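Undergrad: Attaching a single structure in structure tokens format; questions to follow.
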Amino acid sequence: MRIEPLGEHHDRSAFASGVEPLDRYLRTQAGQDTRRRVASCFVLVEEGGTAPLGFYTLAATSIALAELPEALTKRLPRYPTVPAALMGRLAVDGRHRGRGLGELLILDAMTRALRSEIATFAFVVDAKDEGAAAFYARYGFRALTEDGRRMILLMAEAARSFT
């Protein structure tokens, strides 16, 4: 298996994660977002294959300093926002669940964000539901918002998990 940028050669027509907005996004919007440079989409495919087994998107975002817990802001400059990497979407085809592919995708996304030469303070995800929030929590993400759906992992913490 390999993870690569989404391209025209990928056959997205049969992708079915069971979450219609994510499936529709991959089929109809991900290519446009990539071409417009508003999000980068990466797909997991089997070696020699073109059908995505899973995908995620990465984009730049920012977090208002006021949204962060005071314990984190003590050591930060008083800028209105801090830069972050956003993994806006993550999905695995339902036929391939239970194989650890979600973990493979999230670790790849964190690795790409850590390798970036552009500074980012945190890695941000938007959990679609409680199950997704629990999945992200297993990797050290913590709730940023009261509803627990927007979650962050400090890049310094992500870097430590790879050492």
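Read-outs: derived from the displayed coordinates by stated rules, not from any lab. Owing to the predicted nature of the structure, the values given are computational and were not obtained by experimental measurement. Virtual Cβ from ideal backbone geometry, glycine too; neighbours counted across all protein chains shown.
Undergrad: For region 61-132, what number results from the quotient of the Cα radius of gyration and 2.2 N^0.38 Å?
TA: Working: Rg = 15.0 Å, N = 72, 2.2 N^0.38 = 11.2 Å.
Compactness ratio reported: 1.34.
Undergrad: Further question on the same structure: If I fit a long axis through the Cα atoms of helix 101-115 and take the longest principal axis of the Cα atoms of the chain, what angle between them do I get, 0 to 90°, rounded to 10?
TA: That works out to roughly 50 degrees.
Undergrad: Take the chain, connect every pair of alpha-carbon atoms lying under 10 Å apart with a spring to form a Gaussian network, then pick out the residue of GLY102, GLY88, GLY18 with the largest mean-square fluctuation.
TA: Ranking GLY102, GLY88, GLY18 by mean-square fluctuation puts GLY18 first.
Undergrad: Give me the log10 of I(q) over I(0) for the chain at q = 0.09, 0.13, 0.17, 0.19 Å⁻¹, as the Debye formula computes it from C-alpha points; what are the numbers?
TA: -0.30, -0.62, -1.04, -1.26
Undergrad: Also, quick follow-up: Full-extension gain between ALA66 and ALA134, please, as 0.36 nm times their residue separation minus the C-alpha to C-alpha distance. Write out the running numbers ahead of the final one.
TA: On the way: separation 68, 0.36 × 68 = 24.48 nm, distance 2.48 nm.
Length gained between ALA66 and ALA134: 22.0 nm.
Undergrad: With springs only between Cα atoms under 10 Å apart, run a GNM on the chain and tell me which of THR57, THR145, THR34 wobbles the most.
TA: For the chain, modelled as a Gaussian network with Cα springs under 10 Å, the answer is THR145.
Undergrad: Going by average Cβ neighbours within 10 Å, how do the peptides 110-118, 74-82 rank, with the highest at the top?
TA: Numbers: 110-118: 13.4, 74-82: 9.8.
With the highest mean Cβ count within 10 Å placed first, the list reads 110-118, 74-82.
Undergrad: Starting from the Cα gyration tensor of region 90-163, take the square roots of the eigenvalues, sort them a ≥ b ≥ c, and report rounded, prolate or oblate (rounded when a/c is under 1.5, otherwise prolate if a/b is larger than b/c, else oblate). Walk me through the numbers on the way to the answer.
TA: On the way: a/c = 2.05, a/b = 1.20, b/c = 1.71.
Oblate shape, in that a/c is at least 1.5 and b/c is the bigger or equal ratio.
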